[in-house]
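Colleague: Just passing along the structure, written as C-alpha cells.
The values are calculated or read from the model by the stated rules, or taken from the named source; none is laboratory data. The structure presented is a predicted model; accordingly, all values stated were derived computationally and were not measured. Positions of Cβ are backbone-derived with ideal geometry, glycine not excepted, and every protein chain shown enters the neighbour counts.
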Amino acid sequence: MTLAKPPFKRSSRSHGDEWMDDEKDLSGFRGRSLQKKLSESSARSKGGKPLAASESNATVVEVFPKLCRIKVDATGQEVLCSYRRAQVYDHGLGGKGTRERSPVAVGDRVRANITSPQSGVVEGVAQRENQLLRPAPGREKDEHSETQPVHVVAANIDVLVIVASCLKPEFSPGLVDRFLVAAQLSGLKPIICVTKIDLEPSHAPWALYQQLGFEIRTLSTRTGEGVDPLRSELQGCKVVFCGHSGVGKTSLLRALTGRDVGKVGEVSDATGKGRHTTTSAVLISAPGDSFWIDTPGMRSFGLALIEPEEVSRYFPELEAAPCDPKPCSHGPKEESPGCAARGLPRYESFVRIRQSLLPEGEEDLDS
C-alpha cells in the first residue's frame, strides 16, 4: 500500500519546516518565563481543550499546513490527517501575546478518527508534558491582535541532543548556548554531541561546557567511535536532535538507527556552513521503544517566553560569580559596577542573548 502524500510540493518555503532557516528570525521576541506564561495564558486561550493522555490513540510524526502524519498506536500504521485549529488548539500558548504557528507539533499525542486506510481527522490533542519552542522565523507580529507567533519544534520529550561538529563547520558556542538555555527553560536534559572528531581539531572549545557540568559526547560516524555508547544511552528515551546545518546530524542518526534517515549534504567551501537537507521535523523509527525526533539544520535559534533579566539563571557560572552586591544583573559596568562575571568565558554570549531579547534587540544568531 502506498502512503498518501501531502497535496503540495515540500520545496516551497511556505510548507513544512524549511522556513525554520529563514534569516528573518525574530530575535527581538519578548515573553514571560515559560511556566508563568503557560499558567497565565491557559485560562485565556481559545479553542478546544487538551485531552487527557488516556484519550489519545496516536502520535504526530510530521506536520504540514493543515495536515499532519500520525502513527496509530494499535496498528503502527501511518496516516495523513487533517486538523482544525479551533478544534484542537490549547496548550497554554494561546493567550494574549503569543500564538502557535501550528496547533499540533511532532511528538504530540492526539486522538484521531481514521476515516479510510490512508486518511483521518485529528479530533483533539493531549496535554503536553513539555515543548521545545522558538519564535516563528519570518512571521511578523499580527498587527490586529498584537500576538507573536511561536514555533513548537517538538513536544513531549526528555532529552535535547545538541549536535555540533568540531570542524567543517567549526564548533559554534553561540548556538550551543541558545539551545542550552532553551533546554533548561523547558526542563529538558541537554547533551552536547560533538561530531567529526576524526578530523582531529587542534583545540576543544567544548571542554568548557564539560567543566561547567554539561554532558559532552564526542564521536565519529566515519570511524564509529562513540556511536554505540550514545545509542545505548538514548535507547528508550524521548529525544529531539537539533543542530547547525552541516554538523552531521543526519549521518549521526543513520549511524544510530542503522538505516537511511533523510539526505546527507556537504559543507560549502565558500561559507564553511552546511547545506541543510532535512526539510521538516519528523519522528523516526529508532531502536527499542525509543522516541527520536529529527529536525532541519538551523542557521539560528531565537528564544521565546523568556525575559532578558531571566537569562542569567541559565548560565550557572554567572549565578555563582561573587558579585557585590547580589543579586546582580551582570549588565554593563555603569549598571552593575560590582559584577564579577565579566571576565568569564561565556559572558559575551550571555550579553548577546540578553540584548536580543530587549525591545528592538538585534543579534547575529549564527555566532
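Colleague: Out of the residues in region 281-292 that are surrounded by 20 or more Cβ atoms within 10 Å (Cβ to Cβ) and assigned to a loop (DSSP other than H, G, I, E, B), which is modelled with the lowest pLDDT?
Modeller: Taking the candidates together, the pick is A286.
Colleague: Given (1) within 25 Å of D289 (Cα to Cα); (2) at pLDDT below 95, identify the lone condition not met by A183.
Modeller: (2)
Colleague: Looking only at region 157-172, count how many residues are more than 16 Å from G236 (Cβ to Cβ) and part of a loop (DSSP other than H, G, I, E, B). Give the steps one after another, and end with the answer.
Modeller: Start the filter on region 157-172 by keeping residues that are more than 16 Å from G236 (Cβ to Cβ), which leaves 160, 162-172.
Okay, now just the ones that are also part of a loop (DSSP other than H, G, I, E, B), so 166-172.
Residues meeting the conditions: 7.
Colleague: So I216 ticks every box in (1) assigned to a strand (DSSP E or B); (2) within 24 Å of S280 (Cβ to Cβ) but one. Which box is left unticked?
Modeller: Only one criterion is unmet by I216, namely (2).
Colleague: A follow-up question, please. Looking only at region 48-67, count how many residues are among the polar types (S, T, N, Q) and at pLDDT below 95.
Modeller: Going residue by residue through region 48-67, those that are among the polar types (S, T, N, Q) are 54, 56-57, 59.
Still in the list and also at pLDDT below 95: 54.
Total satisfying the criteria: 1.
Colleague: Touching a Gly at 6+ places or on another chain (Cβ under 8 Å), over 16 Å from G174 (Cα atoms) and part of a strand (DSSP E or B) - does that describe any residue in region 293-315?
Modeller: yes
Colleague: Going by the structure shown, is V194 buried (at least 21 other Cβ atoms within 10 Å of the Cβ), closer than 23 Å to C237 by Cβ, aliphatic (A, V, I, L, M) and free of Cβ contacts under 8 Å to residues at least 60 places away in the same chain?
Modeller: Numbers: buried (at least 21 other Cβ atoms within 10 Å of the Cβ): yes; closer than 23 Å to C237 by Cβ: yes; aliphatic (A, V, I, L, M): yes; free of Cβ contacts under 8 Å to residues at least 60 places away in the same chain: yes.
So V194 fits the description; yes.
Colleague: Which residues, taken from region 68-104, are charged (D, E, K, R), at pLDDT below 90 and closer than 13 Å to V121 by Cα?
Modeller: Result: R84, R85.
Colleague: Just give me the residues in region 134-157 being on the phi < 0 side of the Ramachandran plot, out of contact with any Pro (no Cβ under 8 Å at 6 or more places or on another chain) and either at pLDDT 60 or above or surrounded by 21 or more Cβ atoms within 10 Å (Cβ to Cβ) (or both), in sequence order.
Modeller: R134, P137, T147, V152, V153, A154, A155, I157
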